[in-house]
1. Of (1) surrounded by fewer than 21 Cβ atoms within 10 Å (Cβ to Cβ); (2) under 23 Å from TYR89 (Cβ atoms), LYS153 satisfies all except one. Which?
2. Considering each of GLY131, GLY95 in turn, give the residue that is more than 27 Å from THR198 (Cβ to Cβ) and outside any strand (DSSP E or B).
3. How many residues does segment 169-212 contain that are within 13 Å of the chain's Cα centre (by Cα) and open to solvent by less than 10 Å² (accessible area, probe 1.4 Å)?
4. For segment 138-148, indicate whether the set of residues that are open to solvent by less than 20 Å² (accessible area, probe 1.4 Å) and either of a type in the set (Val, Ile, Thr) or within 28 Å of GLY56 (Cα to Cα) (or both) is non-empty.
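The values are calculated or read from the model by the stated rules, or taken from the named source; none is laboratory data. Predicted model, so just to flag it, every value in this text is computed and none were measured. Reconstructed Cβ throughout: ideal geometry from the backbone, glycine too, with neighbour counts over all protein chains shown. We work out accessible area using only protein heavy atoms, side chains counted, and drop any ligands, DNA or RNA first. Shrake-Rupley method; radii C 1.70, N 1.55, O 1.52, S 1.80 Å.
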Amino acid sequence: IPPTAGTYVTLSPSRASTLLPLLVASALALTSASAAFAADKPGTPRPMWQSSQRDGPFIQVLTHLSVFSDSDDGPLLASVFGYGLRGGYRWKRWGLFGVFEHDMWLGLEKESSVKLGAFNLGVGGELLYAGGFVRTALAGGLSILAENTALDKAGTTGIFFDLRPVGLRFMIHPRWVLGLDPLSFALVMPVLGGIPLTQVEYRTTLYVELRL
């Protein structure tokens, strides 16, 4: 059941195995990042798939999916999913961006139904390394409840936090990049007063970036 009042996500032993594929993917991402970083030396030819580092604005369209639900009776996947936009400016390895995302929750009270969840608005920063192949990003800001719950009204505003420790970037065109964040952590808290409404999420994110 998605959180409606003071619900916190816990990882039960039966759900621990759900994280295994994503942990393996993250390990592979770290391995790929290490190899790319070692190969990123002056004079070394840049692979065609490796994203270049350059100054300029960019925009990203993304979608995310949680890797496990907070209920043993719920589905293994897709307890949380959503979409969003990010846009900003990059100075070689460093970038600043604005964030908009719609975080939706899957309800399971009597039958599966999609809850509107929350809208997240904020700002963040990123660091590219390994020749632009690997990215670490951090963002935070306001989380706005998108619909009424039993205790809170739509429009109630709290905070959100999003950490993406290791993401991979593939240049598919001189101006287009395909990105994958295998495993990231997000804390969505649209209600802070009274009984807090908290959603803890372990996400997998896929995005397409256009460099303007």
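1. (2)
2. GLY131
3. Residues in segment 169-212 being within 13 Å of the chain's Cα centre (by Cα) and open to solvent by less than 10 Å² (accessible area, probe 1.4 Å): 10 in total.
4. yes
Let's see how each residue does on (1) on the phi > 0 side of the Ramachandran plot; (2) open to solvent by less than 40 Å² (accessible area, probe 1.4 Å); (3) modelled with pLDDT of 95 or more:
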position: LEU96; (1), (2), (3): no, no, yes
position: VAL99; (1), (2), (3): no, yes, yes
position: HIS102; (1), (2), (3): no, yes, yes
position: TRP105; (1), (2), (3): no, yes, no
position: LEU108; (1), (2), (3): no, no, no
position: SER112; (1), (2), (3): no, no, no
position: GLY124; (1), (2), (3): no, yes, yes
position: GLY131; (1), (2), (3): yes, yes, no
position: THR136; (1), (2), (3): no, no, yes
